[in-house]
Amino acid sequence: MKCTRAACLLALAAFAHTASAGWIDSKELKQQVQDATLVPAKRYSLNLDLDPKERWNDIAADFKDEAYKITDYLKDSLPPHTLPLVVKIAGAIEPYFTDYGDEMIGLADALDLPLGEIVAVNLVYELERIGVNCSNWNNTGPTLDDDAIPRGLSCGAEQAAYEARRAKALETGPEGYCTSIVSMDDSNTVLHSRNMDWNVPDTLKDFIIDVDAYKGGELIFTGTCAVGFVGMLNGVRHKGEAWSISLDARGHGGRIPVNLLEALKRHAMTPEQLIRKTLESDAGNDGFEAAIEAVSHVPTVNEAYFIMAGSGPTDGAVVTRARNRAVDVWRIDETDPTGWWRVETNYDHWNPVPKADDRRDPANQNMEALGSPSNVNVNSMLEVMSTWPTLNPHTTFTTFLHPASGLHNTSIWYGLD
């Protein structure tokens, strides 16, 4: 059944209204955050020497009995009309995922899930944003510009219901967004902190894990992922000269390509899979600067921010990515009184943030209140990362990454949803 153009526009109007409803000023939401608890993520080993179809078997065995929760999450999270796209990719996975397709096949078998659902998990960032408002427009943020609303919409009842659920979720904060901070610290190195605002329900948060990846018996990298998801959301490279990386969504993100399949066939990668590829490949051997170069040129399916740190005293930067290249690299600058840290939420640093989602200014104020790098450590940064609105009802986990020491520590927030 098709909805009328008026009904679709009403759904969009509801989305836009809730997006500007001022969630940051909500005393109820702020209290909800104060009552949350933080639990260390489970940690597993991943043997990269194993056949790709077998690498995740031991990990998946611990989650097989609850794999149905993945199915439930996908039903609630994805626009209904994306399912044919997922089925098409799953039917011929190799042309689309040349690096990690076999791992997805192995995970589907190990978790006893349809391959299409594993494909959907690995494209969830992209699929959530295709047709958010009955078209290919990608309004990923909690605000809508007038010119971001397509005209002449036509959508089904299921799609309208999906839009209503998404609009309701956005009343409580920036779904699918993040905050990453790189800062000079008290050990004359750089500490990397990140909050992932994924809006994962508590029932599925146990699936978020830290993974130590080994090859030839050597620890190559540590990263954070969700079981069934072969990309990495953040990580530390251990082999060679150490560095770290985290992913933040980039603003509205523009249009997800209509020909997503063709983009994948041309070996464009999801940002999460590009992170993993760089962490585990020889491109990661040569440290911070080489890693920036590596993530700056590989085509990606969607725009992103890569926040990165190295082992040197000022090795911190935010790489702003378009789909084909980096458009900006914003580095720590110790000559600037407020340049010894960099905060990235989900907006280009050279532009102001929307009032409806100003997480940037409070985070900067909290960093400035620390006074100097001599007061920056994991404990002080935990205070920053757990302060409203950096911590909000959609925050799923907090990770601290410290390339100089090899620290990669993820903790999961419960009681926020």
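The values are calculated or read from the model by the stated rules, or taken from the named source; none is laboratory data. Quick caveat: nothing in here was measured; it's all calculated off a predicted structure. Positions of Cβ are backbone-derived with ideal geometry, glycine not excepted, and every protein chain shown enters the neighbour counts. Surface accessibility is based on the protein's heavy atoms, side chains included, excluding ligands, DNA and RNA. Shrake-Rupley method; radii C 1.70, N 1.55, O 1.52, S 1.80 Å.
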Quiz prompt | Qualifying positions in the range 52-69 - in contact (Cβ under 8 Å) with a residue 12 or more places away in the chain and loosely packed, with under 13 Cβ neighbours inside 10 Å | solution = Ala61
Exercise. Pull up the range 162-203, narrow it to residues that are open to solvent by 10 Å² or more (accessible area, probe 1.4 Å) and at pLDDT 95 or above, then point me to the one that is farthest from Pro337 (Cα to Cα).
Key: Met196
Quiz item: Which of the residues belonging to the range 32-41 are at pLDDT 90 or above, open to solvent by less than 90 Å² (accessible area, probe 1.4 Å) and outside any loop (DSSP other than H, G, I, E, B)?
Solution: Val33, Thr37, Leu38, Val39
Quiz item: Picking from Asn351, Asn324, Asn302, which residue would you name as being outside any helix (DSSP H, G or I) and open to solvent by less than 30 Å² (accessible area, probe 1.4 Å)?
Solution: Asn302
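Would it be correct to say that Arg250 is in contact with a His (Cβ under 7 Å, 6 or more places away or on another chain) and over 29 Å from Asn188 (Cβ atoms)? Can you show your working first?
On the way: in contact with a His (Cβ under 7 Å, 6 or more places away or on another chain): no; over 29 Å from Asn188 (Cβ atoms): yes.
So Arg250 does not fit the description; no.
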Exercise. Filter the range 405-417 down to the residues that are under 18 Å from Gly223 (Cβ atoms) and more than 16 Å from the chain's Cα centre (by Cα), then identify the one that is surrounded by the most Cβ atoms within 10 Å (Cβ to Cβ).
Key: His408
Quiz prompt | Hey, Ala283 under 22 Å from Thr222 (Cβ atoms), more than 21 Å from the chain's Cα centre (by Cα) and free of Cβ contacts under 8 Å to residues at least 24 places away in the same chain or not | solution = yes
Quiz prompt | Qualifying positions in the range 73-112 - in contact (Cβ under 8 Å) with a residue 12 or more places away in the chain, surrounded by fewer than 19 Cβ atoms within 10 Å (Cβ to Cβ) and not aliphatic (A, V, I, L, M) | solution = Asp76, Pro80, His81, Lys88, Pro95, Thr98, Asp99, Asp102, Asp109, Asp112
Self-check item: Any chance Lys277 is out of contact with any strand residue (DSSP E or B) (no Cβ under 8 Å at 6 or more places or on another chain), basic (Lys, Arg) and touching a residue at least 40 places away in the same chain (Cβ under 8 Å)
Solution: no
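Hand me the list of helices (runs of 4 or more DSSP H) wholly inside the range 42-118 holding 1 or more residues that are under 22 Å from Lys215 (Cβ atoms).
Per the criteria, 57-61, 101-111.
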Self-check item: Positions within the range 42-81 being at pLDDT 95 or above and of a type in the set (Asp, Glu), in sequence order
Solution: Asp49, Asp51, Glu54, Asp58, Asp62, Asp65, Glu66
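Pull up the range 394-404, narrow it to residues that are over 16 Å from the mean Cα position of the chain (by Cα) and assigned to a loop (DSSP other than H, G, I, E, B), then point me to the one that is surrounded by the most Cβ atoms within 10 Å (Cβ to Cβ). Before you say what the answer is, go through the steps one by one.
Looking only at the range 394-404, we keep the residues that are over 16 Å from the mean Cα position of the chain (by Cα), and these are 402-404.
Within this subset, residues satisfying the condition of being assigned to a loop (DSSP other than H, G, I, E, B) are 403-404.
Working: Pro403: 28, Ala404: 19.
Filtering the range 394-404 for residues that are over 16 Å from the mean Cα position of the chain (by Cα) and assigned to a loop (DSSP other than H, G, I, E, B), the one surrounded by the most Cβ atoms within 10 Å (Cβ to Cβ) comes out as Pro403.
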Quiz item: What number goes with the only condition from (1) closer than 20 Å to Lys64 by Cβ; (2) within 13 Å of the chain's Cα centre (by Cα) that Pro201 does not pass?
Solution: (2)
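Which one is most open to solvent (accessible area, probe 1.4 Å), of the residues in the range 280-298 that are of a type outside the set (Val, Ile, Thr) and in contact with a strand residue (DSSP E or B) (Cβ under 7 Å, 6 or more places away or on another chain)? Give the derivation first.
From the range 280-298, those of a type outside the set (Val, Ile, Thr) are 280-291, 293-294, 296-297; that's our starting set.
When the remaining residues are screened for being in contact with a strand residue (DSSP E or B) (Cβ under 7 Å, 6 or more places away or on another chain), the result is 280, 284, 286-288, 291, 296.
Values: Glu280: 45, Gly284: 0, Asp286: 111, Gly287: 0, Phe288: 7, Ala291: 0, Ser296: 8 Å².
Here the answer is Asp286.
Given the condition surrounded by fewer than 16 Cβ atoms within 10 Å (Cβ to Cβ) and modelled with pLDDT of 85 or more, answer yes or no: does some residue in the range 114-128 qualify?
Taking the range 114-128 as the starting set, the residues that turn out to be surrounded by fewer than 16 Cβ atoms within 10 Å (Cβ to Cβ) are 114.
Among the residues that remain, those that are also modelled with pLDDT of 85 or more are: 114.
Yes, there is a match, as at least one residue in the range 114-128 is surrounded by fewer than 16 Cβ atoms within 10 Å (Cβ to Cβ) and modelled with pLDDT of 85 or more.
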